[in-house]
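**Student:** My questions all concern the structure below.
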Amino acid sequence: MRISDITPYPKNARNNAKAVPKVAESIAEFGLRGTIGLESRENPVIVFGHTRVEACRLLGWDEIPDSKIEFCDDLTPEQVKAFRIADNKTGDIATYNKSMLREEVRSLKDFDMSRFGLDFKSKHLPYGAERLKTDRAYNLDIVSRADCGEDGFPAIPPCDALPEELQGFNYAKSTADADKRGKGCHFFIDDYQFERVWTQPEKYLRCLSGYDCVLTPDFSLYMDMPDAMQRWNRYRSAALGSYWARNGLVVVPTLSWAQPSSYAFCFDGIPRHSTVATSTVGVARDKEAQAVWLDGMREAMRRLEPRRVLLCGGDIGFDFGGAEVVRYKNGVTERMAHGRKRLV
């Protein structure tokens, strides 16, 4: 079965991100020994085996053998939900005799068990440990070259998001999940307020999952930045968006650009004919910034032909053609659809 046909359960409460590289090491060494449970052939949503699926994806697999797939279509929807939780929790109950485990591990002469998370805080760093630290520093354990297209950027799947309201990420941790319903989370704030989603991506996955959709981080593309730095910030935005989407979040790509040379990469990996987001905050009063925004938005419309644009900020007179435009300003949502306005 193709991995791309398997759907992660969007409300999976267990955070498996740290375990994925270790399970990938195990599969690479010993093969895929466990199975993966899906709801049914018609609805291939994961019931158990989220970590195995992501580990296989990390290894560059395109398919999982049919013999390793189980279907839970003999269970009711209520039983599926209960079993998914029970399967996660029962694994947490078991404990280890640490001294016995330590001796068992030390008796292995041909296996470096630190690859699987067993080093007992040894002062000697095993071979490859520093590389793993580097991988995590660059988030290569969640997004790598294998996840990127020919343009070098991770692709973000198309979506049809239409949140009633956009809320800044700076309020995400203090907002209860119940109050996130109907809202999208945006990053049209100063970079220092959301740099942490890049340095600790798995930590904020649960926090963001309560929103109806999440906009990709708006890492700054300043005009005086070197091209390489602009590309890096654009890559980080795409990488996080791809990671979130693979973990069940509805992701809306944020459009950002700088001088015309940035057009060579700033729209790569963004789906065509989909929903996108952008901001005019701080543009209206600066003629130079307005000219840059208008030029870039024209290029984005030409290349991406979005079906819907979520616009944070005021109307600066841009003609979006046939695209639906939903404008969010000052906490009040105004919807503009084909020339008509109404308050939501």
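**Student:** Any idea which residue in the range 170-195 is surrounded by the most Cβ atoms within 10 Å (Cβ to Cβ), counting only those that are closer than 24 Å to Asp141 by Cα and in contact with a helix residue (DSSP H, G or I) (Cβ under 7 Å, 6 or more places away or on another chain)?
**Tutor:** Phe187
**Student:** Here's something else I'd like to know. So for the range 50-70 (the condition being more than 30 Å from Ala137 (Cα to Cα), buried (at least 19 other Cβ atoms within 10 Å of the Cβ) and either outside the structural domain of Lys133 (by TED's automatic domain parsing) or modelled with pLDDT under 95 (or both)), does at least one residue qualify?
**Tutor:** The answer is no; no qualifying residue exists.
**Student:** Sort through Gly321, Gly313, Gly317, Gly331 and tell me the only one that's at pLDDT below 50 and on the phi > 0 side of the Ramachandran plot.
**Tutor:** Gly331
**Student:** Sticking with this structure for a sec: Sort out which residues of the range 200-226 are among the small types (Gly, Ala, Ser) and closer than 18 Å to Ala238 by Cα, and write them in order of number.
**Tutor:** Hits for the range 200-226 are Ser209, Ser220.
**Student:** A further question follows. Assuming Arg234 fulfils every condition listed in (1) more than 30 Å from Val47 (Cβ to Cβ); (2) in contact with a Ser or Thr (Cβ under 7 Å, 6 or more places away or on another chain) apart from one, which condition is it?
**Tutor:** Every listed condition holds for Arg234 apart from (2).
**Student:** For Ala24, are the conditions met, namely being surrounded by 10 or more Cβ atoms within 10 Å (Cβ to Cβ), closer than 25 Å to Gln200 by Cβ, outside the structural domain of Asp212 (by TED's automatic domain parsing) and in contact with a Cys (Cβ under 9 Å, 6 or more places away or on another chain)?
**Tutor:** Judged against the criteria, Ala24 is a match.
**Student:** Would you confirm whether or not the range 216-231 contains a residue that is surrounded by fewer than 21 Cβ atoms within 10 Å (Cβ to Cβ), assigned to a loop (DSSP other than H, G, I, E, B) and small (Gly, Ala, Ser)?
**Tutor:** So far as the range 216-231 goes, yes, one or more of its residues are surrounded by fewer than 21 Cβ atoms within 10 Å (Cβ to Cβ), assigned to a loop (DSSP other than H, G, I, E, B) and small (Gly, Ala, Ser).
**Student:** Looking at the range 86-109, which of the residues that are surrounded by 13 or more Cβ atoms within 10 Å (Cβ to Cβ) and assigned by TED's automatic domain parsing to the domain that holds Val53 is farthest from Thr51 (Cα to Cα)?
**Tutor:** Step by step, filter the range 86-109, then rank; the result is Asp87.
**Student:** Same structure again: Condition first: touching a strand residue (DSSP E or B) at 6+ places or on another chain (Cβ under 6 Å) and over 11 Å from Trp244 (Cα atoms). Now tell me which residues in the range 191-211 satisfy that.
**Tutor:** Tyr211
The values are calculated or read from the model by the stated rules, or taken from the named source; none is laboratory data. If you're wondering where the values come from, they're calculated on a predicted model, not measured in any experiment. Counting neighbours? That spans all protein chains shown, and the Cβs are built from the backbone with ideal geometry, glycine included.
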